[in-house]
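*Asks:* Before anything else, here's the structure in question.
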Amino acid sequence: MLTRFAPSPTGELHLGHAYSAVLAHDAARGAGGKFLIRIDDIDGSRSREDYVGASLADLAWLGIDWDGDPVRQSARLGAYAAALDNLRARGLVYPCFCTRADIAASLSAPHGPSGAIYPGTCRGLSEIERTRRLADEPHCWRLDTARALAESGDLQWEEAGQGLRSADPAAHGDIVLARKDAPASYHLASTLDDADMGVTHVVRGADLIASTDVHRLLQALLDLPTPLYRHHALVCGADGKRLAKRDAAASLASLRAAGIDGPTLAADLAAGRLPAGYSLQNP
Ligand code: GLU
C-alpha cells in the first residue's frame, strides 16, 4: 500500500489537513506500506516557499514521518506537457480563448460540480482560426469530454467501504487541463502524479469526490492505473462550515503555540476525536 498527502503551499495547514494526513499516513503504516508527501505547487503565483517548510514542520510536529523527499509538482512539468501532447495528437483537447467574463456572459452556462460548465464556444473553431489565434492570444487547453467519453466507455472506481461507484465526468463539461497561467490543471497534474508515484490508495477529503469523476476519465485516456479511493468526512468549525485556510484558530501553528501535543492530537484525530468546537461532517 502506498498513500500520499498533497498540500498546496498557499497557506498554513489546519486541523482538516492534519486529519487527512493522519488517515493517509496511518493507513499506509498500518499495512506496512509507504507514505509520501507531494507539494502541489503548480500554481506559481499562489504557492509560497515558506508554506512548504511550515507544512513539513507541522507534519513532523504531529509525529508523521514520510518516505523519501517530498515530490514537487513544479519539478514535473515535462510529464504534464507530454500527457497534454498525447491528448492533443489524438484530437481530445482544444485551445480555448474565452475569458471568465465570456463564459459568465454566456446564457447557456449551467453549473456543474466544478463551477460553470463551459458552453463549448471554442470547441468548434476552424483549424485556420485556431492556428491564427494560437499565435498571439492567451489560451487554456480543454478536454473534449464527449469525444473522450466515446473512447473510454463505462468508468467506475472503488470507494473504500462502499464498493464500486460510477464516475460521471460528463457533468463537468469540457474541463481545463492546462491553464492560461499554469502548465497543468489540478486534475491533470494530480492524476499523473498519483500514477507516477505509485499511489495505491488515494485518501482525501470528500470535497474532492467530484474531481474523482474527472480523474477516472483521465486515467482511462492515459492508460493509468486506478487507485482505490477513500474520500473522508471534513473537519468543520463551530459554524458547521468546513475549515478554510483563513480559520487561523484551527491552524496547526496556533494549536502548537497553545501547547497542544502533536502526537496526542494525531492519535485523537485517527480515532475521530476532535478538539472542542470542531466536528466531522460529510458534505
Ligand atoms: N492539493 C490538494 C489540496 O490541497 C489536494 C489534492 C488531492 O489530494 O488530490 O486540496
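Taken together, the values in this text are just the output of simple stated rules run on the coordinates, not laboratory data. Keep in mind it's a predicted model, so treat the numbers as computed, not measured. Cβ: placed from backbone, ideal geometry, glycine included. Neighbour counts: every protein chain shown.
*Asks:* Quickly estimate the mean residue ellipticity at 222 nm for the chain, helices only: each DSSP H run with n ≥ 4 gives -39500 (n - 2.57), and the total goes over all residues, rounded to 500.
*Replies:* -11500 deg cm²/dmol
*Asks:* Right, another one. Obtain the nm distance between the two label points defined at Ser74 and Asp261 by a simple spin-label model: each point lies 7 Å from its Cα along the Cα-to-C-beta direction.
*Replies:* 3.7 nm
*Asks:* Please give the FRET efficiency for Asp65 paired with Arg88, using the beta carbon to beta carbon distance and R0 = 41 Å, rounded to the nearest 0.05.
*Replies:* 0.50
*Asks:* Under 8 Å for C-alpha pairs, at least 6 residues apart: give me the relative contact order for the chain, rounded to a whole percent.
*Replies:* 24 percent
*Asks:* Right, next: Using the Cα gyration tensor of the stretch 155-198, with a ≥ b ≥ c the square roots of its eigenvalues, what is the shape: rounded (a/c below 1.5), prolate (a/b larger than b/c) or oblate (neither)?
*Replies:* Note, shape of the stretch 155-198 comes out oblate.
*Asks:* Say we join alpha carbon atoms closer than 10 Å with springs in a Gaussian network model of the chain; which of Thr226, Thr131, Thr264 then has the biggest fluctuation?
*Replies:* Fluctuation is largest for Thr131.
*Asks:* If you bin every alpha carbon distance in the stretch 117-260 into 10 Å steps from zero, what whole percent lands in each bin?
*Replies:* Result, from short to long distances: 10, 31, 29, 20, 8, 2, 0 percent.
*Asks:* Using all C-alpha to C-alpha distances in the stretch 1-77, build P(r) with 5 Å bins and read off the rounded percent in each one.
*Replies:* Percent of pairs per bin, in order: 3, 17, 28, 25, 17, 8, 2, 0.
*Asks:* Moving on. Work out the charge dipole of the chain with +1 on the Cβ of Lys and Arg and -1 on the Cβ of Asp and Glu about the Cα centre, then indicate which of Ala220, Gly124, Val203 is farthest towards its positive end.
*Replies:* Working it through, the farthest residue towards the positive pole turns out to be Gly124.
*Asks:* Looking at Gly262, Ser251, Ile103, which one has the Cα that reaches farthest to the positive end of the dipole of the chain (charges on Cβ: Lys, Arg +1; Asp, Glu -1)?
*Replies:* About the Cα centre, the residue reaching furthest to the positive side is Ile103.
*Asks:* Sticking with the crude label model, points 7 Å out along Cα→Cβ, report the distance from Asp168 to Ala150 in nm, one decimal please.
*Replies:* 2.3 nm
*Asks:* Quick one: Debye curve from the alpha-carbon atoms of the chain only, equal weights, vacuum; give me log10 I(q)/I(0) at q = 0.07, 0.15, 0.17 Å⁻¹ to two decimals.
*Replies:* The Cα Debye sum returns log10 ratios of -0.28, -1.20, -1.44.
*Asks:* Based on DSSP, what percent of beta bridges with both residues in the chain are antiparallel, to the nearest 5?
*Replies:* 60 percent
*Asks:* Moving on. For the stretch 192-234, rounded, prolate or oblate, judged on the Cα gyration tensor with a ≥ b ≥ c (square roots of eigenvalues), a/c < 1.5 rounded, else prolate if a/b > b/c?
*Replies:* Oblate shape, in that a/c is at least 1.5 and b/c is the bigger or equal ratio.
*Asks:* If a cysteine in the chain has no other Cys Cβ under 4.7 Å from its own Cβ, put it on the list, ordered by number.
*Replies:* Cys98, Cys140, Cys236
*Asks:* To the nearest 0.05, how large is the calculated FRET efficiency for Arg48 and Ile128 if R₀ is 35 Å and r is the Cβ-Cβ distance?
*Replies:* E(calc), rounded to 0.05, equals 0.25.
*Asks:* Can you tell me the convex hull volume per residue for the stretch 43-142, based on C-alpha atoms, in Å³ to the nearest whole number?
*Replies:* Each residue corresponds to 174 Å³ of Cα convex hull volume.
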